[in-house]
Amino acid sequence: MGPDLRPWCDHVGVAQMEEGRPVALVTGVGRRVGIGAAVAERLATDGFDVGFTWWSPYDERMPWGADPGSVDETRGRLAAAGARSVAVEADLEAQATPSAVFDRVETALGPVAALVLCHCESVDSGILDTSVESFDRHFAVNARATWLLIRELARRYQGPHGDGRIVALTSDHTVHNLPYGSSKAALDRITLAAATELAHLGITANVVNPGATDTGWMTPEQLRQVAADTPLGRVGQPVDVANLVSFLCSPEGGWVNGQLLSSNGGLA
């Protein structure tokens, strides 16, 4: 199956490129309240031009539904922060999609220096009720696409030794969430392996577990319970994750490598 890239996704923002501005590719930027959107905006503020992906059919079949206008609004915010951007609607279940995404982003913005993996397939099911189709889709999107995107970055990386960055978002939730949690565990191992295997390129690779983050999926009762269980007394917000990703992608974060970091306010 070939890549499914929507035909209008090549449009580039009007903000002018600053000399030497690096390029970040952020996956999973489909909803304004999502972690991916917060990460993309923060990296634009930090001085990156930003390519990002989303896949509306996933949101459409989830309880929260699609977020019409999200892509245009996100690109407007990136432009306001001084960043050029390119948005690619991409089905990461397809094997050929990762290389096609890199082609689009490189053509529009230039070589990618930082890869932030915020995309996921996440449909609740357990050991007894998970279908083979769902299991395979989770691993295709969460694990295989992660590997292929990291491989594309490594094959194409042109930046100075020590400047390349990979950050992937994970989860340790597996009970009644078997395909999601197990495929995220595979993502962990793939990303952490990159910290050593890509050492010759000077690319750091880290995994961030943000814990329960308020992106619209929790019920009021879940929000109350998470806040009560968190020592800092509140629920994590997308900007909390973006703050850590920003640091890991910065020069100051360059000595953090091969780590699985929790950013959850102390939630056990």
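No value in this document is a laboratory result; all are computed from the given coordinates. Source: prediction; values computed, not measured. Cβ sites come from the backbone with ideal geometry, for glycine too, and all protein chains shown count toward neighbours.
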> By the scheme Lys and Arg +1, Asp and Glu -1, what is the net charge of all other residues having a beta-carbon under 14 Å from that of residue 63?
Replying inline: -2
> Of all DSSP beta bridges in the chain, what percent run antiparallel (nearest 5)?
Replying inline: 5 percent
> What residue among 84, 61, 137 shows peak mean-square fluctuation when the chain is described by a Gaussian network model with Cα springs under 10 Å?
Replying inline: 61
>> What translational diffusion coefficient, to the nearest whole µm²/s, does the stretch 23-262 have by Stokes-Einstein, given a Kirkwood radius computed over alpha-carbon pairs, a temperature of 25 °C and 0.890 mPa s viscosity?
In response: 137 µm²/s
> Tell me, what is the percent relative contact order of the stretch 202-268, built from C-alpha pairs under 8 Å that lie six or more residues apart?
Replying inline: 54 percent
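Based on other C-beta atoms within 10 Å, arrange 35, 190 from fewest to most.
Result, fewest neighbours first: 190, 35.
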> How high is the relative contact order of the chain, in percent, counting Cα pairs under 8 Å that sit 6 or more residues apart?
Replying inline: 19 percent
> Which order results if 215, 107 are arranged by neighbouring Cβ count within 10 Å, fewest first?
Replying inline: 107, 215
>> Give me 64, 54, 255, 147 sorted ascending by neighbouring Cβ count inside 10 Å, so fewest comes first.
In response: 255, 64, 147, 54
> When only DSSP loop residues count, what GluC sites (Glu not before Pro) in the stretch 53-115 have their Cβ near at most 11 other Cβ atoms within 10 Å?
Replying inline: none
> Once whole DSSP H runs in the chain are found, which of them have Cα atoms spread over 20 Å or more along the helix axis and a mean Kyte-Doolittle score of at least -1.0?
Replying inline: 178-197
